Amino acid sequence: MSAVQGFGAAILWTAQGTYLTLNSDSSTMSRNTGVFWMISNMSMLLGNAFVSYALRDKDNFDESTRTFIYTVLIAVSVFGALLFLLLRSPVSSEGTVNERVETISFIQQIKNTKSLFLTKDMRLLNISFFFTGLHLSFYASVYSSSIGFTKRMGSNSKQLVALSGLFIGIGEILGGLIFSILGQKTFDNNIISKGLSHSAVIALGFIVNIVAYGLIFINLPDDSPFGDTTAKSFINPNQYLAIFCSFLLGFGDSCFNTQLYNIVGLKYSENSAPPMALFNFMQSIAAALSFYYSNYFGIQIQLILLMVSLTMATLSFFKVEESTDKRYYEAI
């Protein structure tokens with residue numbers, strides 16, 4: 001069922017990214033991407049709050065609780081899918097059907113995706129896509145669990161897991177809000193002018209993530225991903241620092257994902273489905289790899305791998321944006 005869920009998620013994220021691109025142009029892409037990312041990550045706040053409510057005063061996941069939670073999740077999923085079916089056809093700024101919408105056979109789409117995968121810019125972007133998958137699996141599974149396993153955090157260490165998820169969501173939402181506002185400003189020749197360029201946001205994400213990884217490195221014991229531990233790291237584990245790092249992880253993730261959706265939408269606006277599919281393909285491969293090695297590597301090795309991949313992803317993005325035709329940014 002995990003595989004089925006992953007397959008469905010890949011379809012949804014590819015469809016959402018493609019629809020977002022078809023309904024945006026160079027003047028609205030940054031704003032729309034920020035709004036999309038902000039709204040989509042509100043689920044981290046609402047979802048954690050809902051599950052916390054459903055599990056209040058319960059010591060086990062009994063049948064009635066399971067039925068209640070999954071009934072609500074199914075209802076929300078069905079409602080969301082129905083709303084997607086009711087969305088309007090993409091239209092241009094003149095109010096006509098978007099000319100970028102075209103019917104392509106499945107076989108031709110596969111060929112287009114394969115050809116795109118081998119291009120220089122996409123090879124560079126794949127490095128950035130890959131990093132977001134590693135980062136995603138780290139904050140979604142490894143980090144919050146590690147906080148709960150660290151007994152030196154205090155007697156409430158298990159309760160901090162939900163709080164960590166909430167602050168990751170706050171970081172994601174705040175990032176989407178900020179970049180949806182600043183993304184409408186203008187810049188020339190990579191010089192900030194009343195706003196932030198894509199590279200500037202990625203640079204900000206690099207700094208935020210490096211700070212987060214460094215603080216986690218000294219705050220959590222190396223064996224914290226594997227189960228309950230009373231070990232001490234470089235400092236005595238601090239719960240306030242741990243929750244602050246949760247916020248940083250969410251904000252850093254928002255920096256990268258909003259700009260990757262942005263540049264993909266701008267560079268491949270004529271046919272955005274293949275690059276969006278490759279985005280999810282590389283991200284999912286990286287997430288699966290991270291889930292696997294997290295069972296064998298302590299948190300310090302995992303953080304070192306994240307730092308290396310973060311550096312490569314940042315440099316790759318800079319290179320892609322440098323080679324991108326400036327006409328895509330004239331109205332940003």
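The values are calculated or read from the model by the stated rules, or taken from the named source; none is laboratory data. This one's a predicted model, so the numbers in the text were calculated from it and none came from an experiment. Heads up, the Cβs are rebuilt from the backbone with ideal geometry, glycines too, and the neighbour counts pull from every protein chain shown. To get the accessible areas, we keep the full protein, side chains included, count just its heavy atoms, and leave off ligands, DNA and RNA. Shrake-Rupley method; radii C 1.70, N 1.55, O 1.52, S 1.80 Å.
Couple of notes before you dig in:
- Using a probe radius of 1.4 angstrom, the carbon and sulfur fraction of the accessible surface of the stretch 212-271 is 58%.
- Exposure rank, largest accessible area first [K120, K151; 1.4 Å]: K120, K151
- Loop sites in the stretch 1-85: trypsin sites (Lys or Arg not before Pro), DSSP, at most 11 other Cβ within 10 Å: R56, K58
- Within the stretch 66-83: backbone nitrogen closer than 13 Å to the Y53 label point (7 Å, Cα to C-beta): 69, 72-73
- Mean Cα-pair separation over length for the chain, i.e. relative contact order, pairs under 8 Å, 6 or more apart, %: 32
- Note on A203 and S64: the model spin-label points, each 7 Å out from Cα along the C-beta direction, lie 5.8 nm apart.
- Rolling a 1.4 Å probe across the protein heavy atoms gives the stretch 241-313 an accessible surface of 32 Å² per residue.
- Principal-axis tilt of helix 159-182 within the chain, Cα atoms, nearest 10 degrees: 20
- The chymotrypsin sites (Phe, Trp or Tyr not before Pro) of the stretch 201-254 that meet both conditions, a loop assignment by DSSP and at most 16 other Cβ atoms within 10 Å of the site Cβ, are F234.
- For the stretch 4-78, chymotrypsin sites (Phe, Trp or Tyr not before Pro) are listed when DSSP marks them as loop and at most 16 other Cβ atoms sit within 10 Å of their Cβ; the list is F61.
- Between helix 239-267 and the chain: long-axis angle, C-alpha atoms, 0 to 90°, nearest 10: 20
- Extending 7 Å from Cα along the Cβ direction at L46 and again at Y296 yields two label points whose distance is 4.0 nm.
- Counting only alpha carbon atoms, the long axis of helix 42-54 and the longest principal axis of the chain meet at about 30°.
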